[in-house]
Amino acid sequence: MNNSRSPSSVSSSDDSASVATTQQNAGRSLRSADGSNSLSSGQALEVTRRWRDVFWSVVFVAHLICLGVVLGVLGLNRFRKKDRLNIDRYTSRILENQAGLTEDYWPLYAVACAVATVLGWTWLLLLGSRANQMMKFSVHILTTYLAVISVFCFWTEQFFWGVVFAIGSGLQFLYVMAVIDRFPFTMLVLLKAVKLVWNYPEVMRVACAFMMVMLLWLGLWSFGAAGVVASSMGDGGRWWLLVVLSVSLFWTGAVLCNTVHVIVSGMVFLVLFHGGREAASMPHKPLMKCLRYAVTTSFGSICYGSLFTAAIRTLRWEIRGFRSKIGNNECLLCCVDFLFHLVETLVRFFNKYAYVQIAIFGKNFNKSARDAWELFQSTGVEALVAYDCSGSVLLMGALLGGLLSGTCAGVWTRIKYPDRVIMVGSTAMLMGMILVGVAMVVVESAVTSIYICFAEDPLLIQRWDSDFFDQMSETLHQRLQHRSARAREVLNHRRVEERIQETLPI
């Protein structure tokens, strides 16, 4: 459709209105948490904040305390002495009598943590000079690496896991093929985000500090997990315990990552909003204020959002990639559209852009997510956000880091304890993925702040980087044209079908 491709064509008044709306939003002031008042340029972090989603912060802290006790007990029960705390009497029905010691398996997890820490710190150190190469490498090598692990699992007669990794490799390949045309724009946004955070070393120090916090927790977690692997329970009992511990670890890791997300995105937003760290209107010690709010008044919102955002976001990426390649299969398109609209409804209440609103305004999570999404839809920037794949590219990097960590631990386990290789390798992979993810979240935070700034006031981006602003505006215009053309095509197709049905004899 030539008309839809030409910028000067009749691309619909809706497109022009949407682009105009985006650019006419320049100069509007930021809104307060209740949406009724406006904040001047120095007030964003100065307002008195209320504690939000306190229930979830209490639940998270209570869960950490209880789990810490359980992990300590599980690890100590097999530390240097079998059944030190006489726990086996409670598992007499599922005993296998092949028990080991905690210290047999704890070093295997230490290897995974060490590899992930090196990868995470290497990522931060090379961020300014090799970010483009590292991100491209992680995208293209992940499919191959998943296939290699699948072959390794089949070779070791772990057929279930071989099938799992083979399916993962296939899905990864299909996803990359579905969105490969979006990568140039995605890499542009990622490199601009890297440029933004690289100029502020304190942001990197925050990521390193939270990696150390995560390492401390992983030390305790792996101590308990090693105790579970060494226990006298059967494989079924061990796996159930490890799944429960892994769900807890995933939530804990997501909370730490999103705490960094709030701190960094708040800092980046303020830098863009005020025109630089040295601006006279910049609040005093903005990073410390973002840190204080993230671990106090907004911590409950972070805990709440961390439960759901990662799963919903991943599902949305997969559905979008699959939907774009369906073609004219209307039955399949109908089913996928149903899932797509269901996930889009969830995204309205659970999205990563909420963390910028939390950082700046101190809103609760649901209001932050809803306001961010309504802002994107009212300005048309949602079309640009949907086109961007930066989150999935960074997730691929974290997955690759986790796979490398799990492989190192798995190979050593294969040498020493062949019957525990999948059990140790899979949990070590999760540990590695979370550690690398803490390092990578600084870039994702900058990306979310860029989009929020572009939606709030496009001139903020233009003032920071005029060339980048022009590229974003042009891409937004193209995406709105594409959507309009697709909508017209669907509408015309339905009209043709209706006319055919009207002409058919009854």
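For region 175-183, does any single residue satisfy the condition of being assigned to a helix (DSSP H, G or I) and in contact with a Lys or Arg (Cβ under 7 Å, 6 or more places away or on another chain)?
Of all residues in region 175-183, those assigned to a helix (DSSP H, G or I) come to 175-183.
Restricting the remaining residues to those that are in contact with a Lys or Arg (Cβ under 7 Å, 6 or more places away or on another chain) gives 178.
Taking every residue of region 175-183 in turn, at least one turns out to be assigned to a helix (DSSP H, G or I) and in contact with a Lys or Arg (Cβ under 7 Å, 6 or more places away or on another chain).
Only one of these is under 26 Å from SER405 (Cα atoms) and of a type in the set (Gly, Ala, Ser): SER298, SER248. Name it. Steps first, please.
On the way: SER298 fails: under 26 Å from SER405 (Cα atoms).
Within the list SER298, SER248, the selection yields SER248.
Could you say which residue among LEU460, LEU435 is touching a Cys at 6+ places or on another chain (Cβ under 9 Å) and more than 30 Å from VAL381 (Cα to Cα)? Steps first, please.
Working: LEU460 fails: more than 30 Å from VAL381 (Cα to Cα).
After ruling out the rest, the residue left standing is LEU435.
Which residue is farthest from PHE454 (Cα to Cα), if the candidates are limited to region 166-209 and must be in contact with a Ser or Thr (Cβ under 8 Å, 6 or more places away or on another chain) and among the hydroxyl-bearing types (Ser, Thr, Tyr)?
SER169
Of the residues GLU456, GLU444, which is charged (D, E, K, R) and touching a helix residue (DSSP H, G or I) at 6+ places or on another chain (Cβ under 6 Å)? Step through it out loud before you land on a result.
Details: GLU456 fails: touching a helix residue (DSSP H, G or I) at 6+ places or on another chain (Cβ under 6 Å).
The match here is GLU444.
Could you pull out the residue among VAL139, VAL197, VAL206 that is within 24 Å of ALA116 (Cβ to Cβ) and modelled with pLDDT of 90 or more? Spell out the reasoning first.
Values: VAL139 fails: modelled with pLDDT of 90 or more; VAL197 fails: modelled with pLDDT of 90 or more.
None of the others qualify; the one that does is VAL206.
Could you pull out every one of the helices (runs of 4 or more DSSP H) wholly within region 261-326 that has 1 or more residues that are modelled with pLDDT of 75 or more, among the aliphatic types (A, V, I, L, M) and under 14 Å from VAL203 (Cβ atoms)? Step through it out loud before you land on a result.
Details: elements: 286-295, 299-306, 309-323.
It comes to 286-295.
Select from region 108-123 the residues that are in contact (Cβ under 8 Å) with a residue 24 or more places away in the chain and among the β-branched types (Val, Ile, Thr) and list them in ascending order.
Residues of region 108-123 in contact (Cβ under 8 Å) with a residue 24 or more places away in the chain: 108-113, 115-117, 119-121, 123.
Across region 108-123, the qualifying residues are VAL111, VAL115, THR117.
Would it be correct to say that THR117 is modelled with pLDDT of 80 or more and of a type outside the set (A, V, I, L, M, F, W, C)?
Yes; evaluated as a whole, the condition is true for this residue.
Do we find that VAL411 is surrounded by fewer than 23 Cβ atoms within 10 Å (Cβ to Cβ), over 29 Å from VAL194 (Cα atoms) and modelled with pLDDT of 90 or more in this structure? Even if it seems obvious, please write down each step before you answer.
Numbers: surrounded by fewer than 23 Cβ atoms within 10 Å (Cβ to Cβ): yes; over 29 Å from VAL194 (Cα atoms): yes; modelled with pLDDT of 90 or more: yes.
Spelling it out, VAL411 is indeed surrounded by fewer than 23 Cβ atoms within 10 Å (Cβ to Cβ), over 29 Å from VAL194 (Cα atoms) and modelled with pLDDT of 90 or more.
If I ask for residues that are without any contact (Cβ under 8 Å) to a residue 60 or more places away in the chain and either more than 11 Å from ALA166 (Cβ to Cβ) or not aliphatic (A, V, I, L, M) (or both), which ones from region 134-147 would you list? It would help to see each step written out before you state the result.
Within region 134-147, the subset without any contact (Cβ under 8 Å) to a residue 60 or more places away in the chain is 136-137, 140, 143-144, 147.
Result: LYS136, PHE137, HIS140, THR143, THR144.
So, in region 97-137, how many residues would count as being within 22 Å of LEU71 (Cα to Cα) and among the hydrophobic types (A, V, I, L, M, F, W, C)?
Qualifying residue count, region 97-137: 10.
Any residue at all in region 415-428 that is in contact (Cβ under 8 Å) with a residue 24 or more places away in the chain, in a helix (DSSP H, G or I) and aromatic (Phe, Trp, Tyr)?
No, that holds for no residue.
Among the residues of region 211-225, write down those that are buried (at least 17 other Cβ atoms within 10 Å of the Cβ), over 10 Å from LEU435 (Cβ atoms) and in contact with a Cys (Cβ under 9 Å, 6 or more places away or on another chain).
Going through region 211-225, the residues buried (at least 17 other Cβ atoms within 10 Å of the Cβ) turn out to be 211, 214-215, 217-218, 221-225.
After this cut, where a residue has to be over 10 Å from LEU435 (Cβ atoms) as well, the list is 217, 221-225.
Within region 211-225, SER222 is the sole residue that qualifies.
Do we have any residue at all in region 390-397 that's hydroxyl-bearing (Ser, Thr, Tyr) and under 19 Å from the mean Cα position of the chain (by Cα)? Talk me through it step by step, then tell me what you get.
First, the residues of region 390-397 that are hydroxyl-bearing (Ser, Thr, Tyr): 390, 392.
Restricting the remaining residues to those that are under 19 Å from the mean Cα position of the chain (by Cα) gives 390, 392.
Yes, some residue in region 390-397 is hydroxyl-bearing (Ser, Thr, Tyr) and under 19 Å from the mean Cα position of the chain (by Cα).
Select from region 253-292 the residues that are among the charged types (D, E, K, R) and surrounded by 15 or more Cβ atoms within 10 Å (Cβ to Cβ) and write down the one among them that is farthest from ASN199 (Cα to Cα).
The selected residue is ARG292.
The values are calculated or read from the model by the stated rules, or taken from the named source; none is laboratory data. From a predicted model like this one, the values you see are computed outputs, not experimental measurements. Please note: Cβ atoms are built from the backbone with ideal geometry, for glycine as well, and neighbour counts cover all protein chains shown.
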